[in-house]
């Protein structure tokens, strides 16, 4: 009797189970633990209990959520924000952890930094007290966000109690059209399955459209798995993955790299592997996509109009739509391309990698933005490379600000906020009420689409504007 | 954390789907120490006229009956602290954000998942008689509505045991120390590249 075919998820999960209780809870070994400034609760918990970090060599701290986007040579003006950054410095130093602090030459958003530094590898289990940890699944790792108590548990034990999640395969075959990107693809997936469509599941993204994505694009797709409610998103590692990993500062080198690759080649799902749910999408049918409401599931093609709650049969759903339209200040039936915007933000763990900045710059080159905007690269290395390519000049010539790396206006806690009532074309991952600031209105879209909106001052189909 | 066994309390209905943890606890309060108490931050920016949590008819509510995908979004455990410090011990909804539900269990906040129509019916029932109470019996896995109708619910046995005992998982995990050590030794042999050498 042969073993049943296993999926990528099955293989990574099975390789990390330390023990399983009779009730089905598994104790999972954790290979990488990333922490940011928000981890102070968790450090407080282990300190209070008198516990130490069990595997400091697998634990990394990154300053990203609270770091300023401007004037890094100056002290941080807000004492509460400054305290968050220095508290992480102190916690990392006290526990002997490799710390990527405010002035580290590799500093950046943890989900940009870790892949870039070669800390993220195929087949690993990765956790972080941040829901967008799903990003790292782009390498074929099992990566998911956890809360402070679980962070303290991982610090103390390098393990986590988990129930084996269900699995969902999202297969996207075909070719994406011109100016249609990984961001449009994942927004279309979320619209198709809903903001809780993958709750309790780990998604494996498959199909020729996924295979054709760069690592940057795959990171964008896995980043937003959480916006469909998924525990994690994963993509099978392949030659694109291995080529990205090779030579990164913390990646295995020489013969060790070759042995790792040989191991990683055994990770992809086997033919006949069974998933609890299968979803398929046609890449060619995906248009540049934007959201109209306050949930990422309100993603529609840019060519669409704001939907009418009056046409919604379910009264509960209609009520939710009215509430969202009221918050967003939109009238039913308005073509999305007629919606004016007040500012743009290009950045975040979703879309602040070099490919994203290049796509935005391709639209902005030789053009002027008619609204204010901020471009925040995902890491210091991304910033340096963008400057080497002259992208910072393109943004500056267009009239946009060029910031220092961090989470910035995506989460609105470092001081970068969308003013109340203003409408922001944003490359981030969440359009929740108040996410970018109290009463801020967020429309999610790709970097190229945000750049197009900056040029026209309204939501714009980048295909009509074109690159230059 | 405070153990959860049974609870009879006022339940407040909230007819809003996709309540994310940014709404439960706006990000600007994340830097506050827990000792400050998070109760005043709960739904801070949603406290507009007519918001059910501010309706005196629901005063003292300890159960929240919400709509689908409650607690989606950010992994911030502070969203759970805000509910707990705000007096809540139980949230009933058709579905929850996975991370929120995990965080809740670690802090003595019971999440009960029931079918969409059952939760919608319960919300309507509570709206008809604001201030009505429900009873939750965790060992029996039942929720009793204001009319005495009993709704059984499913819960992960691990989560159930933890809530009833009010125990810290780390103590439980440390009982597996030998198994963890053995796993680490075998894994270090199988994957020599696990520990990064550094640049």
Using only Cα atoms, figure out Rg for the protein assembly as shown and give it as a multiple of 2.2 N^0.38 Å.
-> 0.91
Footprinting proxy, B:38, B:81: sorted fewest to most Cβ within 10 Å, the residues are B:38, B:81
With Rg from the Cα atoms and Rh as the Kirkwood inverse mean 1/r over Cα pairs, region A:313-411 has an Rg/Rh of 1.12
Distant alpha-carbon pairs in region A:22-164 (separation over 17 angstrom), percent | 59 percent
Would you mind calculating the relative contact order of region A:288-460 from Cα pairs under 8 angstrom and at least 6 residues apart, reporting the percent as a whole number?
-> 29 percent
From Cα coordinates alone, what are the radius of gyration and Dmax values for region A:288-460 in angstrom?
-> 15.9, 54
Once you wrap a convex hull around the alpha carbon atoms of region B:6-167, what is its projected area averaged over all directions, in nm²?
-> 8.7 nm²
Throw me the Rg/Rh for region A:31-79, computed over C-alpha atoms with Kirkwood Rh, two decimals.
-> 1.08
For region A:292-369, what's the radius of gyration and Dmax over Cα atoms, in angstrom?
-> 15.8, 48
Per the Kirkwood definition applied to all pairs of different Cα atoms, how many angstroms is the hydrodynamic radius of region A:195-241?
-> 10.8 Å
With T = 10 °C, eta = 1.306 mPa s and Kirkwood Rh from C-alpha pairs, the Stokes-Einstein D of region A:393-461 in µm²/s is about 126 µm²/s
Please work out whether region A:105-233 counts as rounded, prolate or oblate from its C-alpha gyration tensor, where a ≥ b ≥ c are the square roots of the eigenvalues and a/c under 1.5 means rounded, while otherwise a/b larger than b/c means prolate and anything else oblate?
-> oblate
What are the principal axis extents of the Cα atoms in region A:1-55, in Å, biggest first?
-> 52, 26, 18
D (Stokes-Einstein, µm²/s), Kirkwood Cα radius, region A:47-115, 0.692 mPa s at 37 °C | 251 µm²/s
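The numbers here are math on the coordinates, done by the rules we state, and not lab data. Computed from a predicted model, the values in this text were never measured in an experiment. Backbone-built Cβ (ideal geometry, glycine too); neighbour counts: all protein chains shown.
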